[in-house]
Every structure is written in C-alpha cells, then in structure tokens.
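Down below is the structure, laid out as structure tokens.
Just so it is clear, none of the values below were taken in a lab; they were calculated from the coordinates. Just so we're clear, the structure is a prediction, and the values are computed from it rather than from any experiment. Cβ sites come from the backbone with ideal geometry, for glycine too, and all protein chains shown count toward neighbours.
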Amino acid sequence: MSTKVVVPREILEMILESARHLHPRETILLLRGKASKNVINVSDVLIPPLATYGRSFSAFPAHMLPIDFSIVGAAHSHPSGNLKPSVEDQNHSIGRIMLIVGFPYQGKESVAAYNRSGERLALEVP
Ligand SMILES: [Zn+2]
C-alpha cells in the first residue's frame with residue numbers, strides 16, 4: 001500500500017504564501033507532523049535555521065537542524081512551475097516526504113508530494 005500525505009488547507013496556504021512571497025527565489029520550510037506506516041499528517045511548518053534562499057536552490061546546513069523526531073519532511077518551491085524533484089532535491093531530502101510547490105502557487109494543483117525515492121505520493125488537503 002502506498003503512503004498518503006495529509007496537509008490541512010491552512011498549512012498548505014502558509015507554504016504557498018511563503019513561495020509567493022519569495023518568488024522568484026525558492027522557499028524552504030520544514031514540515032512537522034505525525035507519521036504512521038501509510039499516512040503522514042502534516043500539522044505545522046517551521047522555518048529552518050540559517051536558511052538561504054537561492055534562485056536555483058534552497059539550502060541550509062543540515063547539522064543545524066533541531067533533533068526533532070516530529071519533522072516528517074520539507075517543502076520547497078520551484079519558481080519554474082515544474083513539480084518534479086531534481087537530482088539535487090533527492091540528494092538533500094530530509095525526513096520521509098518532500099513537498100514541492102510550483103509557480104503560480106495556487107491551490108492543490110500547484111503541489112506535489114514525494115517520498116525519499118522520488119515516487120509521487122497521494123496528497124489529501126482536508
Ligand atoms: Zn527542487
């Protein structure tokens with residue numbers, strides 16, 4: 001059975017808002033929540049420490065991450081609008097899931113969820 005990612009509408013809106021705000025740079029946010037075997041519930045977003053927002057890549061020093069097991073993954077934006085993860089993205093993935101939000105950052109159609117292997121996951125926005 002494949003994993004489902006659940007992101008409440010207001011959390012999704014916070015991620016999209018951050019992406020719109022930083023465009024054409026990329027945003028990156030940590031995702032907090034609860035992960036069970038087949039469902040990952042995102043309940044909060046967190047600005048990573050010392051984040052740098054670049055034109056082509058968003059990064060932050062991984063060793064600065066809080067030791068926090070409630071971090072289920074990260075979200076970042078693609079100003080190009082392409083929702084596919086890059087090789088770079090996969091090499092830098094954190095936690096179990098990666099959310100990519102693409103320009104124009106409007107609603108669920110601008111968002112895709114992936115696991116660490118880059119496989120697309122079902123996304124539910126209650
Ligand atoms: Zn990316």
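Rounded to the nearest 0.05, what FRET efficiency do HIS23 and GLU124 give with R0 = 30 Å and r taken as the Cβ-Cβ distance? Could you check?
Details: r = 26 Å, r/R0 = 0.85.
The calculated FRET efficiency here is 0.70.
Modelling each spin label as a point 7 Å along the Cα-to-Cβ direction, I'd like the LYS84/SER2 distance in nm, to one decimal.
Result for the modelled spin labels: 1.6 nm.
May I ask which of LYS34/LYS108; LYS37/LYS84; LYS4/LYS34 have a Cα-Cα span longer than 19 Å here? Let's see the in-between values first.
Working: LYS34/LYS108 21 Å; LYS37/LYS84 24 Å; LYS4/LYS34 12 Å.
From LYS34/LYS108; LYS37/LYS84; LYS4/LYS34, over 19 Å: LYS34/LYS108; LYS37/LYS84.
Amide H neighbours of SER43 under 5 Å, at least 5 residues apart or on other chains, H built in the peptide plane: list them.
ARG32, GLY33, LYS34
What residues have an amide H closer than 5 Å to that of SER77, excluding those fewer than 5 places away on the same chain, when H is modeled at 1.01 Å from N in the peptide plane?
Answer set, sorted by chain and number: THR27, VAL101.
How do GLU88, GLU26 rank when sorted from fewest to most other Cβ atoms within 10 Å of their own Cβ? Mind dumping the intermediate values first?
Working: GLU88 10, GLU26 23.
Going from sparsest to densest Cβ surroundings: GLU88, GLU26.
Quick one: order ASP44, ASP89 by neighbouring beta-carbon count within 10 Å, fewest to most. Display every interim value, and only then the final one.
Values: ASP44 15, ASP89 18.
Fewest to most other Cβ atoms nearby, the residues stand as ASP44, ASP89.
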